[in-house]
Amino acid sequence: MHTALVMIDVQESFPQRPYWSQSGADVFLRHANALIDGAQARGIPIVRVFHTDGPQTPDNPFASGGPFIRPLAGLAGFEAALTIEKHRHSSLVGTPLATWLVRNGIRRLIIAGIRTEQCCETTTRHASDEGWEVDFCGDATLTFDMKTPAGRTLTAAEIRERTETVLVDRFATLVSVEQALARAR
């Protein structure tokens, strides 16, 4: 089975947001870089996804063509087999990703990136519904604490656990970095 790694939204836009946590990012980058290095060593193509939306103004860190639409500092360098900009949560909506995957015989996706419960989860669900086998590499995703509507704080760890709970055995196989690379052989 042909596999591709989809690195979602690992971009400099996020450190511009008030919820950014460098301590969480350091752990994430260690895992993401191990995944990238392993994929490169195995010849697994890597898709780079950038999220762009909102007004084309200097104060919008997600503005298309803006200075923050570039890889996150500390992310391992790699030559992307495909680079896309998306404007929705799913990397498959309004982008050439699905066509590229089909043309290249890709049947399994390894999902990693930022934010766990938004673009990573949405892409996972969409890809599964479209027939791809999906490995969700939670330790190579990043999210941030959030407030519930009732005012309680959900930690990033709780959000990741919730995301993994709703994805497992329905939309994806949950994998560590090592498991994702082993399954891609």
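Throughout, read-outs are computed from the coordinates displayed, never taken from laboratory work. These numbers come from a predicted model, not from an experiment. Using ideal geometry, Cβ is built from the backbone for each residue, glycine included, and neighbour counts are taken over all protein chains shown.
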Q | Single match in GLY138, GLY105 (criterion: touching a helix residue (DSSP H, G or I) at 6+ places or on another chain (Cβ under 8 Å) and under 22 Å from ALA41 (Cβ atoms)) | A | GLY138
Q) Here is a list of conditions, (1) assigned to a helix (DSSP H, G or I); (2) of a type in the set (Phe, Trp, Tyr); (3) touching a His at 6+ places or on another chain (Cβ under 9 Å), and TRP100 meets all of them except one; can you say which number that is? A) (3)
Q: Please state which of the following conditions ILE110 fails to meet, knowing it meets all the rest: (1) assigned to a helix (DSSP H, G or I); (2) hydrophobic (A, V, I, L, M, F, W, C); (3) in contact with a Ser or Thr (Cβ under 7 Å, 6 or more places away or on another chain); (4) more than 22 Å from SER23 (Cα to Cα).
A: (1)
Q. Pick from region 25-51 the residues that are buried (at least 18 other Cβ atoms within 10 Å of the Cβ) and more than 15 Å from the chain's Cα centre (by Cα): which of them is nearest to ASN104 (Cα to Cα)?
A. ILE44
Q. Among (1) among the hydrophobic types (A, V, I, L, M, F, W, C); (2) part of a loop (DSSP other than H, G, I, E, B); (3) free of Cβ contacts under 8 Å to residues at least 40 places away in the same chain; (4) surrounded by 17 or more Cβ atoms within 10 Å (Cβ to Cβ), which single condition is ILE84 missing?
A. (2)
Q) In region 30-65, which residues are in a loop (DSSP other than H, G, I, E, B), in contact (Cβ under 8 Å) with a residue 24 or more places away in the chain and of a type outside the set (Ser, Thr, Tyr)? A) ILE44, PRO45, ASP53, PRO61, PHE62
